[in-house]
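Asker: Below is a structure I'd like to ask you about.
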Amino acid sequence: MLSVLFLMWFLSGFVMMYHTYPSLTEQQRMAHAEALSANHPEAPSIVYESAPPIQHPPHLSALSLQQVAGRPVVSMTDSLGERLYDARTGRPIKRFSASELLTIALQWQSPAAPPPHLLDTLGEIDIWLIGAMPFNEYPIYHYALNDGRGSELYLSSRTGRALQLTDSRSRFWAWLGAIPHWIYITKLRATGRQPWTDTVLWLSGLGILMTLSGIVVGLRSMFLARRRRKSTASTITPYKKTLFRWHHIFGLCFGLFVLTWIFSGFMSLTDAPQSLWPVRGQLSARDIYADSLQPSTFTLPTQRLLQSDNIKKVEWIEMGHRPYYRVWTAEETYLVDASDSTARRVTLSADDCGRIVKAALHQATPVSTEMLTSYDNYYVSQHRKLPLPVCRVTVDDADGSTFYINPLTADCRYYNDNRRAGKWMYSGLHALNTPFFACHPMLRQVVMWMLLIGGTAVSLTGLFLAVGYIRRKLRSKCEMLCVRHQNPA
């Protein structure tokens, strides 16, 4: 069984180099979202003043404004979760109606095309929603779009948010790549992530043991063959049968890669052991933002902010004791200083980022800052998806904390010693995700193809040997049964 699983992992790995599981980014959602307008008679001004019926929850951790199905919607998040309100009246929004969701779906295709067709109203997860984990979004409306690409859109009835968008091409490659590679089975993910995680960890753990034993047996056979024959260094295998011989040779050449690949797949679902890399603090990327938003500090009215064209979303954030609006358009995301009466874009400097991190630490811990214009070992992307420049803020603490802050959007990534170890154990080994290969993508593809071909050869020859072994055992068993039948005691 494990030989079949290994072969499936390696073959799907070829596809995963170029096609992954379909998913939506926030920028894609903004490209199809409705624009906010300050001139509309129903547009909000300052959210907290224009909607007095809203009960302001304590420790408000997130606040945003969007136009959804023709009305401005405020999203508020605190310890109780996310709640939506109509910004015109302050009334809570429990669900969006079928007609409102159809209005949202129309934004995802050409106005000249026929209206989207409702395929299903889902009350449970399906294969294309596994990555979104939409357990609080049911019922989910599943539409077929008339765009000539076979596109299908999934909308949350609770938030109106697009959860997934697939087309014929992405679905085809996902069935060959990501779905078998990640063992995406709807029954395993129907109630949550843990059953699937446990299954994959057990399978990859058994795979590690099988690969280790194969390497030990292979090396032992090689050394015994050399000692027994006392021949030249070219004799590395004692096996005379072709299939045994090639499996042994492929295992000696690529066995270590198979081991590191299975091990890194295991590490993708767990953390590096804290016994080796202890975590002393509880910092995260979220810590650079204030725990509780203070609406009184946002001096700039949203109506003045919305005088700019094509704004799709406004998000309230507070960093380093200063308020900012994070503004989304169809083309870009940027920061606006919310403490001034004039809408002014902000690009964070290295000093700003250092001040923000110091404020987040709540203590006099030394920090050093550097504006990076190229990737380092931990802020790196093989497909150049992570933006540059980025400010790296290094904290002089026991965990080796490092924050990577985008100066244009204030998006943040966080690493400590434990996460750095985990990065090498997973993406470093599994996908060769390093600055060198990010700068030499063609070389990475060549290396990956060579390793995947080698892993496929090991798995395929191992599978043939396993099938042959089972056939021999079955034939022997059948012969014994026939003998017993012909010669009863």
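Asker: Can you name the condition, by its number, that V467 falls short on among (1) more than 20 Å from the chain's Cα centre (by Cα); (2) open to solvent by less than 30 Å² (accessible area, probe 1.4 Å); (3) within 25 Å of S3 (Cα to Cα)?
Answerer: (2)
Asker: In the list Q274, Q294, which residue meets the criterion of being surrounded by fewer than 17 Cβ atoms within 10 Å (Cβ to Cβ) and without any contact (Cβ under 8 Å) to a residue 60 or more places away in the chain?
Answerer: Residue meeting the stated conditions: Q294.
Asker: Does the range 271-281 include one or more residues that are assigned to a loop (DSSP other than H, G, I, E, B), of a type in the set (F, W, Y), within 30 Å of T197 (Cβ to Cβ) and within 26 Å of the chain's Cα centre (by Cα)?
Answerer: yes
Asker: Could you please give the count of residues in the range 378-398 that are surrounded by 20 or more Cβ atoms within 10 Å (Cβ to Cβ) and within 22 Å of A364 (Cα to Cα)?
Answerer: 4
Residue-by-condition table, conditions (1) under 12 Å from I405 (Cβ atoms); (2) within 22 Å of the chain's Cα centre (by Cα):
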site: E332; (1), (2): no, yes
site: D340; (1), (2): no, no
site: A343; (1), (2): no, no
site: G354; (1), (2): yes, no
site: D376; (1), (2): no, yes
site: Y379; (1), (2): yes, yes
site: K385; (1), (2): no, yes
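Asker: Any idea which of E315, E331 is of a type outside the set (S, T, Y) and within 18 Å of S64 (Cβ to Cβ)?
Answerer: Testing whether each residue is of a type outside the set (S, T, Y) and within 18 Å of S64 (Cβ to Cβ) leaves just E315.
Asker: Tell me which helices (runs of 4 or more DSSP H) are completely within the range 106-209 and hold 1 or more residues being surrounded by fewer than 18 Cβ atoms within 10 Å (Cβ to Cβ) and of a type in the set (V, I, T), or say none if there are none.
Answerer: Answer list for the range 106-209: 186-189.
Conditions tested, residue by residue: (1) of a type in the set (S, T, N, Q); (2) not in a strand (DSSP E or B).
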residue	(1), (2)
R286	no, yes
Q303	yes, yes
Y324	no, no
D340	no, yes
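Asker: Any residue in the range 238-250 that is in contact (Cβ under 8 Å) with a residue 60 or more places away in the chain, within 32 Å of the chain's Cα centre (by Cα) and either open to solvent by less than 60 Å² (accessible area, probe 1.4 Å) or over 30 Å from V447 (Cβ atoms) (or both)?
Answerer: no
The values are calculated or read from the model by the stated rules, or taken from the named source; none is laboratory data. These numbers were taken from a predicted model, which means no experiment stands behind them. Using ideal geometry, Cβ is built from the backbone for each residue, glycine included, and neighbour counts are taken over all protein chains shown. Side chains are part of the model used for accessible areas, which takes the heavy atoms of the whole protein and leaves out ligands, DNA and RNA. Shrake-Rupley method; radii C 1.70, N 1.55, O 1.52, S 1.80 Å.
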